[in-house]
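What follows is calculated from the coordinates using simple rules that are stated; it is not laboratory data. Predicted model only: the values in this text are computed from it and were never measured. Cβ placement follows ideal geometry from the backbone for every residue including glycine, while neighbour counts extend to all protein chains displayed.
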Amino acid sequence: MNRPLAEAAVIRCAGQTPAVLEACGLSYAHAGIGTIFEGVSLAVRRREIVALLGSSGCGKSTLLRVLAGLEQPATGSVSFLGEPLASPHPRSALVFQQPSLLPWLKLADNVGFGLDFAHQPRAGKEALQGRVAAAIEAVGLKGREAAYPAQLSGGMAQRAALARALAREPELLFADEPFSALDAITRAEMQDLLVDVVHRWHSAVLLVTHDIDEAILVADRILLMGGRPGHLAQEWTVDIPRPREDHPEAVTALRLSILGALRHASL
Amino acid sequence: MAGILLPLLPLAGLLAAALLWAAGAGWLGAVTPVAASFSPGPTVDALLQLLQGRDLWEHVALSLQRVAVGLVIALLLGIPLGVLTGLSPLFSRTTTPLFQFARMISPLSWMPIAVMVLGVGDAPVYFLLAFAAVWPILLNTAAGVAQLDPNWLLLARSLSATRRETLLRVILPGITAHILTGVRLAIGIIWIVLVPAEMLGVSAGLGYFILDARDRLAYSDLMAAILVIGFLGYLLDHAARSLHRRWLHA
Ligand SMILES: Nc1ncnc2c1ncn2[C@@H]1O[C@H](COP(=O)(O)OP(=O)(O)OP(=O)(O)O)[C@@H](O)[C@H]1O
Ligand SMILES: [Mg+2]
């Protein structure tokens, strides 16, 4: 179930399995702070949900931005669908901790935001409208297309943010603690929704979280990040059948394994 | 009970002011007889007269046009400078003391120089109004840029937005609420500066009308013009407020 990471990294850098995202030997340094993470190698395969778990401040968000092509690494390389990544890929999408909807746009326009930008793949107006409608329907906001963000609850706004990402038909969805600002009940709903829609959209997900239970319930694979500068410490493949709530023993065992790693590793 | 009376309170305030006005004019009238023409009765008569004629309307139209021109100039200068101030720490550091300095100079103190340089006519009035209005617009625009949600910019970058797309689709709409706050403050200032600015070198407008009424010793007309100025200013402020509310959909 879990294997030493160095070995895994070597296999991945060789790049034999078709991966959506592959990163090799990444490090990142911030001018004022110094090295934020180093020696990070990872891969996200098609349709795979990978959770990046780690304590506060270990560099998860920074790593996510590098992997998304929003920042350039100091060393190492990122490739997306086999191509070296220099800028954000049109088939990737972001979801943040805050919905960050544009308050001057109706929900439907928020969901479709940017699909018509110059560097996005050309698509007919009707095709785009269809994608927006499908995304809104999938997150359960059908009928609220004309609502403005100020008129949506926190949970609904985060659903809209998820729909905005889905409308791009992403090969890979980057999500940075997308549910940590929600109440427990809404969070559980959103976790189920996320798994459901990314399966239907055939998207892979890289989910940053510091909630162990969220990682276990949602992910196919869990990467543990820690230390200063941050690095990947350990990984688990989660092969518990869904819904995972129905397998409490396996969930508990994995949970204890992760907690043990957190305690023993010098994170 | 309170629910029924609450909407009437503003009216009560206005009524109280009218009573005080009548009492004050009556008391003043006992000392200087000419003050009788300041009192509510003659003022309302004069106002009705003026509203039926064409003169006042022409002065009002001209003043409002000057407000619009001054505001547009202030927007054309204030928004780009504000965006630059908000985006570039270097520009902001360079210009902040200068702007804070210039902002504190009453625009009217420029009036003699403006008339000397720009000649008599509309130009110095436009200059004074724009100069008065540019600061709240500039400062609010800069504050709006500083308060943009960083995730919006990240979102734009994740969409590989061009500079133009980022500016037109994220930054400008994202700061519009702040710009509208600036516009509202600017209108308030313009409206206050307008009347004295129109007292020099122009031959029409509400400021001119006030001076002209004084010269004609038509004090009821003068009071009526004051009422009109207050009422129009109220309407302008109200319009700016509702624009702001509508934009936010709150
Ligand atoms: N712009 C910045 N200015 C100053 N420090 C920064 C900046 N960006 C990141 N850092 C620092 O770099 C480190 C990594 O930050 P990062 O946001 O990637 O961590 P994180 O794991 O996502 O944390 P969290 O769980 O709190 O979101 C932290 O110590 C943070 O304080
Ligand atoms: Mg973070």
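List of remarks:
- With Cα atoms, 0 to 90° folded angle of helix A:125-138 axis to chain A main axis: 70 degrees
- On Cα atoms only, tilt of A:248-264 relative to the major axis of chain A in degrees: 60 degrees
- The Cα-based radius of gyration and maximum Cα-Cα distance (Dmax) for segment A:93-142 are 11.4, 31 Å.
- Cα-centred dipole magnitude for chain A, charges only on beta-carbon of K, R (+1) and D, E (-1), debye, nearest 20: 360 debye
- When DSSP beta bridges are restricted to pairs lying wholly in chain A, around 55% turn out antiparallel.
- Value of Rg to Rh for segment B:47-123 (Rh from inverse mean 1/r over Cα pairs, i.e. Kirkwood): 1.15
- Temperature 37 °C, viscosity 0.692 mPa s: under these conditions the Stokes-Einstein estimate for chain A, based on its Kirkwood radius over C-alpha pairs, is 172 µm² per second.
- Magnitude of the charge dipole for segment A:28-122, about its Cα centre and with charges confined to Cβ atoms of Lys, Arg (+1) and Asp, Glu (-1), is about 260 debye.
- Segment A:169-242 - Debye-derived log10 I(q)/I(0), Cα point model, q = 0.21 Å⁻¹: -1.03
- Beta-bridge orientation, the protein assembly as shown: approximately 55 percent antiparallel, per DSSP, counting only bridges with both partners inside.
- Choice from A:L256, A:L182, A:L162 showing the highest fluctuation, given a GNM over chain A with Cα pairs closer than 10 Å: A:L256
- Ranked by how many other beta carbons lie within 10 Å on average, peptides B:168-177, A:138-147 from highest: B:168-177, A:138-147
- Per residue of chain B, the DSSP helices (runs of n ≥ 4 H) give a summed -39500 (n - 2.57) that works out to -26500 deg cm²/dmol at 222 nm.
- Note on segment B:22-146: dipole from Cβ charges, positive end direction compared against B:L87, B:F131, B:V67; the farthest Cα belongs to B:L87.
- Largest-first ellipsoid semi-axes for segment B:75-221, taking √(5λ) over the Cα gyration tensor eigenvalues, angstrom: 39, 16, 12
- Here the translational diffusion coefficient of segment A:39-145 follows from Stokes-Einstein with Rh set to the Kirkwood radius across Cα pairs; for 25 °C and 0.890 mPa s it amounts to 150 µm²/s.
- Segment A:142-267: equivalent-ellipsoid semi-axes (sqrt of 5 x gyration tensor eigenvalues, Cα, Å): 29, 16, 14
- For segment A:191-267, the dipole from Cβ point charges (+1 on Lys and Arg, -1 on Asp and Glu) about the Cα centre works out to 340 debye, to the nearest 20.
- Volume of the Cα convex hull of segment B:1-79, divided per residue and given in Å³: 189 Å³
- Rough spin-label spacing in nm, given labels placed 7 Å along Cα→Cβ, for A:A86 and A:T35: 2.8 nm
- Taking max minus min of the alpha-carbon positions on each principal axis, chain B gives extents of 74, 60, 33 Å, largest first.
- Across segment B:163-226, Cα-Cα pairs farther apart than 15 Å form 65% of the total.
- Cα-based equivalent ellipsoid of the protein assembly as shown: semi-axis lengths in Å, sorted from largest, via gyration tensor: 64, 25, 20
- Peptide B:7-13 has a mean of 0 when you count, residue by residue, the C-beta atoms of other protein chains within 10 Å of its C-beta.
- With respect to chain A, whose longest principal axis is taken over its alpha-carbon atoms, helix A:154-166 is tilted by about 80°.
- Between A:G82, A:G32, A:G154, the GNM of chain A built on Cα springs shorter than 10 angstrom shows A:G32 fluctuating the most.
- By the combined test of axial Cα extent (at least 27 Å) and Kyte-Doolittle hydropathy (mean at least -1.0), the qualifying DSSP H helices of chain B come to B:9-31, B:55-87, B:122-146, B:172-197, B:219-248.
- D_trans [Stokes-Einstein, Kirkwood Rh over alpha-carbon pairs] for segment A:34-90, 37 °C, 0.692 mPa s, µm² s⁻¹: 265 µm²/s
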